Every structure is written in structure tokens, then in C-alpha cells.
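Worksheet: the structure to be examined is printed underneath.
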Amino acid sequence: MAINSLKKIKNFHNKVVFLRVDFNEPLKNGKIIEDHKIRAGLESIKFLMSAGARLVIATHLGEPVKQAAAFSTKPLAARLKILLKAPVKFIPQAVGSTVNAAIKKMKPGEIIFLENLRFHQGEYDNDPKFAKELAANADIYVNDAFAVCHRAQASVSAIKKYLPSCAGLLLEQEVGALQKILKPKKPLVIIIGGAKIKTKAPLISKLYPKANQILLGGALANNFFKFQGYEVGKSLVDDDSAASVKKFFKNKKLAAKIILPIDVVVKNKKGEARVKKPQNVAKDDRILDIGPASISLYAKYIKKAQTLAWNGPMGKFEEPSFKHGTLAVARLIASRASGRAYGIIGGGETVAALKLTKMEEYVDWISTAGGAMLTYLGGGKMPGLDKIAK
Ligand code: ADP
Ligand code: MG
């Protein structure tokens, strides 16, 4: 892997660095309810501060269609200031005269934090004009926002036309961790669940030759049950899943590696949780978790793995009666990953589920990315990594 790393650049002193981070944290009534992305970004920021850079930090927040107070990055700047224990000056614009003037006044080691990049349509459109405006006052571009590297957007893609570019420390670690999945120590066991097969199918297609087993769960598995002709009742399925599932089953080598749940937990028409064989699901049932026999089966594979990659909950773990499959798998992976296997976990809900087990520290790498991780492992386009990492 060739990474154009921040660490290779010798002289940041007094240079204006445009640092693209992903601080897209969940907010509720203007309050940050989770700050692990900001914490994960501290390493690069501290590195650049002590190297004497004049640091211009920018992120997106949510997917605003126009400027709106609820999407302002101001609370993120405030949280960064607290975590960093250093001044962070928020500028209520991403480009323009106020930004330019603030940058001119900066001294080495100082930080300004820009308003939401996505208040500008040019960001979404990868517009070179907007990218040029972002780059206008900077000397160097640093991308530490791995989670948006699958997007062709101005601050992760077009901006590189105008500035020498390199990878931030978090981005470097993210790519390094995923490389361990692409060149795994075997057995490699991949665990995939969650919803929306479309986002997960490329990863299965690309990685199956390297994997020993691909354990499936969550709503994803329902598509396979349906394809096999089982009743899935009111369970969540993707309408357009048949084509990808058919492709998987036709590919004998791939099909042999796919392990489906051998029992499921359904919510029946009375609202009770019941364990059933997948072939016995009734019309009024809703499959919401994998069952205990599936957990023991998956445990056997996880306990033999040298490399583990997990994305997507095994069930609707947000409902207490249907959390057990997901939490059991999270604990199994964390236990195995603590020294005996290399374990990586990614995806918004997947990481939230892991946190419920309080076993985060046992996992080798918790990705800040969901979509970007799936795209990278699935061999998709990563415009944010061009010129930065191969
Ligand atoms: P991640 O964000 O970790 O990538 P996904 O977005 O793919 O994961 O999916 C997570 C969501 O899938 C969870 O909110 C969970 O409730 C839901 N889910 C998982 N299994 C089921 C199921 N059997 N039925 C309905 N929803 C499910
Ligand atoms: Mg999700």
C-alpha cells in the first residue's frame, strides 16, 4: 500500500493547511450526542498544531439542502475546543471574505473551523469553482475524512487539483486496517447483516475468494430465505434483491461460503418473540433476529478465525427482545479479536451495538466509516483516495 502520508511532509511551519475531517456526528436539539469521530480526528490536528501549521478545518454535517441553523458546524467546533484544550475559532462561512481575512491573521499552531461545507451546492457537485475557492488561501491539503472518500465531492475530490495533497493520520490508519482484510491472515470470517443488500452485495462478490466463511444475518438474510422459497411473512426484504441473491447462489464457490441463520427470532401476530426454523416462519411473523442455534454455529466459525470483519447488526437490536443475536456476535468477535485474531468493525449501527457490550477496547479497529468501508472492500471507486492512497 502506498500512502502519501502527512508524516512524510517535512515542513508545515507557518503553512496554511486545509484539513478535511469527517465530524458528521449525531446532534439532538443542537447538542452533540456522540463524539467519537471528533476524538478520532484529534491525532492529526495535534500533529499539525505542533508542527506549526495554520490549520483550517472543514467538515460536512448531515445532508442539508440549504443553509439551516440545525446543520451548522458551530457545536462541532465548540466540542473540538474542549477536547483539544486549545482555542478553536469558528467562522460562520466555508468560503469568502471573512474566511480569507481570518486566515491572513492566523499564527502558527492556530486553528479556525469552517461552517458546513454542504451549505454549498458546489460541494455536492464536486464543482471545481467551489473547490478552487476552498483551496484559495491554503498551501497544503490534508484529507483525514475516510468516511466520505467514496464520494466525488469538492472538498474530498476536486480540491486536489489545486493543492499538494496528502493523507491524514486517521485516514492512513483506516486504509491500513482495511488492507488487513484485503490481505488477510486466514481463516478470514466475514459477518454481514443490517439492511439494504445493495450496499453490501459488492463486498460479498469481491471478498468471497479470500473469505473462509461469510456469516449472514439481519434483514439481509431475509432476502436469501425469500429466494429459497420460504415464507418471510412481514419481514423486511429488499424488493430488488432477487438478482444479486440469484447471482450468489449460481456461483458455487461463493454459495459454499455463505452461511445462513439456521434459526430466527420472529415477532408473531400477538407481538411475542418466538424462535423458529427459517422454513417455519408464518405469514404474520416478522423476522427480527438470529436465533440461539445460529449464534452457536457462528461462534464455531468466529472462534477459529484469524481475521474478522463485521458490518451490519444481526437483527433489530434497538428492540430489547431482538438484541441478543447482535450482542452475542459482538461479544464473540470482541473476545476473539483480543489477541487471537485481527478484528475490524464498521458501520454506524454496528458500532453502536458493539458499544452496548462495552467491549470496544478488545476490537483491533473500529472504523469511523460505513459506506466508505463497504465501497473500499467492495472494490468501488474512492475519489477521495486518488493521489493519496493506493
Ligand atoms: P450499519 O449502519 O452498521 O452499516 P445498516 O445500516 O446496514 O448497518 O443496518 C442497521 C439497521 O438494520 C439497524 O438499525 C437494524 O435495526 C436493522 N435491522 C437488522 N436486522 C433487521 C431485521 N431482521 N429486521 C428489521 N431491521 C433490521
Ligand atoms: Mg446504517
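Taking 7 Å along the Cα-to-C-beta vector as the label spot, tell me the GLU43-PHE249 distance in nanometres, rounded to one decimal.
Computed distance between label sites GLU43 and PHE249 equals 4.4 nm.
Tell me the mean residue ellipticity at 222 nm calculated for the chain from its helices only (DSSP H runs of n ≥ 4, each -39500 (n - 2.57), averaged over every residue, nearest 500).
-10500 deg cm²/dmol
Report, in debye and to the nearest 20, how large the dipole of the range 103-143 comes out about its Cα centre when Lys and Arg carry +1 and Asp and Glu carry -1 on their Cβ.
So the magnitude is around 220 debye.
Rounded to the nearest 10 degrees, what's the angle between the helix 169-182 long axis and the longest principal axis of the chain, both from Cα atoms, 0 to 90?
On a 0 to 90 degree scale, this one is about 30.
So, counting K/R as plus one and D/E as minus one, what does the shell of residues with Cβ under 14 Å around ASN11 add up to?
Charge balance near ASN11 sits at +4.
Over the Cα atoms of the chain, how large are the radius of gyration and the largest Cα-Cα distance (Dmax), in Å?
22.5, 70
How large is ³J(HN,Hα), in whole Hz, for each residue of the range 18-23 in order, when computed from phi with the Karplus curve 6.51 cos²θ - 1.76 cosθ + 1.60 and θ = phi - 60°, using x for Gly and Pro?
8, 9, 8, 10, 10, 9
Within the accessible area of the range 214-318, what % is carbon and sulfur when the probe is 1.4 Å and the other protein chains stay in place? If you can, show how the numbers build up before the last one.
Details: 2680 of 5060 Å².
About 53 percent, which is the carbon plus sulfur part of the accessible surface.
Taking Cα atoms of the range 172-297, Rg/Rh with Kirkwood Rh, to two decimals?
Expressed as Rg/Rh, it is 1.01.
Nearest 20 debye, what's the magnitude of the dipole of the chain about its Cα centre given +1 on Lys and Arg Cβ and -1 on Asp and Glu Cβ?
In total the dipole reaches around 940 debye.
May I ask which residue of ILE103, LEU170, TYR141 lies farthest towards the positive end of the charge dipole of the range 89-178, with charges of +1 (Lys, Arg) and -1 (Asp, Glu) on Cβ and the Cα centre as origin?
Checking the options against the dipole of the range 89-178, the answer is ILE103.
Rounded, prolate or oblate: pick one for the range 67-121, where a ≥ b ≥ c are the square roots of the eigenvalues of its C-alpha gyration tensor, a/c under 1.5 means rounded, and failing that, prolate if a/b is larger than b/c, else oblate.
Taking the square roots of the gyration eigenvalues as a ≥ b ≥ c, the range 67-121 is oblate.
Tell me which residues come under 5 Å, amide H to amide H, from ILE57 once H is placed; ignore anything under 5 positions away on its chain.
LEU19, ILE112, PHE113, LEU114
Need the list of lysines near LYS132 for cross-linking: C-alpha distance under 20 angstrom, and skip anything on the same chain fewer than eight residues off.
Within reach: LYS15, LYS104, LYS160, LYS161, LYS387.
Can you give the accessible area per residue of the range 73-212, in Å², using a 1.4 Å probe?
40
Run through the DSSP bridge list for the chain and note the antiparallel percent, rounded to the nearest 5.
25
Rounded to the nearest 20 Debye, what is the dipole magnitude of the range 319-370 about its Cα centre when Lys and Arg each give +1 and Asp and Glu each give -1 at the C-beta?
Working: 6 positive and 5 negative charges, 37 e Å.
Approximately 180 debye in magnitude.
Determine ³J(HN,Hα), in whole Hz, for all residues of the range 285-295 in sequence, where each value follows from phi through the Karplus function 6.51 cos²θ - 1.76 cosθ + 1.60 and θ = phi - 60°; x replaces Gly and Pro.
Once rounded to whole Hz, the list reads 7, 10, 6, 10, 6, 8, x, x, 5, 5, 4.
Classify the range 264-370 as rounded, prolate or oblate from the Cα gyration tensor: take a ≥ b ≥ c as the square roots of its eigenvalues, call it rounded if a/c is under 1.5, otherwise prolate when a/b beats b/c and oblate if not.
Prolate is the answer for the range 264-370, as a/c is 1.5 or above and a/b outweighs b/c.
In whole Å, what is the distance between the alpha-carbon centres of the range 43-90 and the range 330-390?
Computed from Cα coordinates, the inter-centre distance equals 24 Å.
Between SER205 and LYS303, what's the calculated FRET efficiency when r is the beta-carbon distance and R0 is 25 Å? Round to 0.05.
In this case the efficiency is close to 0.40.
Per-residue HN-Hα couplings for the range 208-220, Karplus 6.51 cos²θ - 1.76 cosθ + 1.60 at θ = phi - 60°, whole Hz, x for Gly and Pro?
4, x, 8, 7, 8, 9, 10, 8, 10, x, x, 5, 3
Please list the non-local residues whose amide H lies under 5 Å from the amide H of LEU215, H modeled 1.01 Å from N, same-chain partners needing a gap of 5 or more.
ILE190, ILE191, ILE192, ILE259
Cα convex hull of the range 141-192: how many Å³ per residue?
Dividing the Cα hull volume of the range 141-192 by its residues yields 89 Å³.
In what sequence, highest mean first, do 8-14, 301-307 appear when ranked by Cβ atoms within 10 angstrom?
Per-residue mean Cβ counts within 10 Å order the peptides as 301-307, 8-14.
On C-alpha positions alone, give me the angle between the axis of helix 197-207 and the longest principal axis of the chain, in degrees, nearest 10.
90
Using amide H atoms built in the peptide plane, which far-off residues or other-chain residues are under 5 Å from TYR342 H to H?
Close amide H contacts, sequence-distant or interchain: THR307, LEU308.
If packing is taken as the mean number of other Cβ atoms within 10 Å per residue, what is the order of 30-36, 222-228, 309-315, highest first? All intermediate terms of the calculation are to be shown ahead of the outcome.
On the way: 30-36: 12.7, 222-228: 20.0, 309-315: 29.7.
Those peptides, ordered most packed to least, come out 309-315, 222-228, 30-36.
Tell me the net charge near GLY52. Cut-off is 14 Å between Cβ atoms, GLY52 excluded, with +1 for each Lys or Arg and -1 for each Asp or Glu.
Result for the neighbourhood of GLY52: +3.
The values are calculated or read from the model by the stated rules, or taken from the named source; none is laboratory data. Since we're looking at a predicted model, the values are computed, not measured. All Cβ positions, glycine included, derive from the backbone under ideal geometry; neighbour counts span all protein chains shown. Protein only, heavy atoms only, side chains kept; ligands, DNA and RNA dropped before computing areas. Shrake-Rupley method; radii C 1.70, N 1.55, O 1.52, S 1.80 Å.
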